[in-house]
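One structure is given here, and the rest of the page talks about it.
Just so it is clear, none of the values below were taken in a lab; they were calculated from the coordinates. What you see is a predicted model, and the numbers here were worked out from it, not measured in a lab. Cβ sites come from the backbone with ideal geometry, for glycine too, and all protein chains shown count toward neighbours.
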Amino acid sequence: MSVRRSIVLMGLLSQAILAGQALAAPVTWVDWTSGAAGASGTATGTLDLGGTVVDVSYSGEVAFIQTAGGINYWNPSSPYVSSLVDNAPGTTDIIALSSATSKTLTFSAPVQDLFFAVVSLNGNGYRFDKDFEVVGYGPGYWGNGTLTRVDLGNGQFQLNGSGEPHGVIRFTGAVSSITWTSLTNENWNGFTVGTYGIAPAVPEPETWALLLAGLGLVGLSARRRIPA
């Protein structure tokens, strides 16, 4: 393999690594287009990610859903903006939950760094099947409170709310679906989701082998050029 080809492969490897490191950027929030309330509710929406449309499906209990108009529960926007999120949800779209039951979101293509925004998680919490980090929280439409993350073990991670928290958590990396359970019944709390974009494709094992070989050859070439 030529040194030139190794340098090219090294560049591809760097791009792949950087693609997995999310930096502050605009978030595209889902456009919820339809839904049905009830104990076995559903909702559908889309994410327009640079011309590529990802379909989003929700299944689980729905207290109510706003797909066009209604009260803007994302105002004030400050709990949803942080060093990782440039913009709060820009419409009134929201799915409201009220029962301690299981819920699932599914994406037609993996998305990168899924942001999950919540309204008024009033002394409640969510138990997720994927790890996450708390991005931020603060005073929102219904008041103020805090969000904390707890690792329960066995692949279970819990978001706990104290007071009337409004804020955002992030699932890093590529996300195709998430499932969670509300911890207690309450009047309602709400959520929506957004992302930076489509998750980058993971190179096949053969591609990784070429990239690593290229890095090794570049390092060897550099060592040979160092004077004794």
key: Surrounding net charge for Leu152, when Lys and Arg each add one and Asp and Glu each subtract one, Cβ distance under 15 Å   = 0
remark   = Rounded to one decimal in nm, the spacing of the 7 Å Cα→Cβ label points at Ser162 and Asp55 is 4.3 nm
query = Expressed as a rounded percentage, what relative contact order does the range 31-196 have, with Cα pairs under 8 Å and six or more residues apart?
reply = 26 percent
query = Along the range 41-51, what does the Karplus equation 6.51 cos²θ - 1.76 cosθ + 1.60 (θ = phi - 60°) give for ³J(HN,Hα), rounded to whole Hz, x for Gly and Pro?
reply = x, 9, 7, 10, x, 9, 10, 8, 10, x, x
request  = For Thr104 and Asn187, compute 0.36 nm times the residue count separating them, minus their Cα-Cα distance, and round to one decimal in nm.
outcome  = 27.9 nm
ask   = Under the definition of Cα pairs under 8 Å and six or more residues apart, what whole-number percent is the relative contact order of the range 65-129?
value = 33 percent
ask   = Between Thr179 and Ser83, what length in nm is gained on full extension when 0.36 nm per residue of separation is reduced by their alpha carbon distance?
value = 31.9 nm
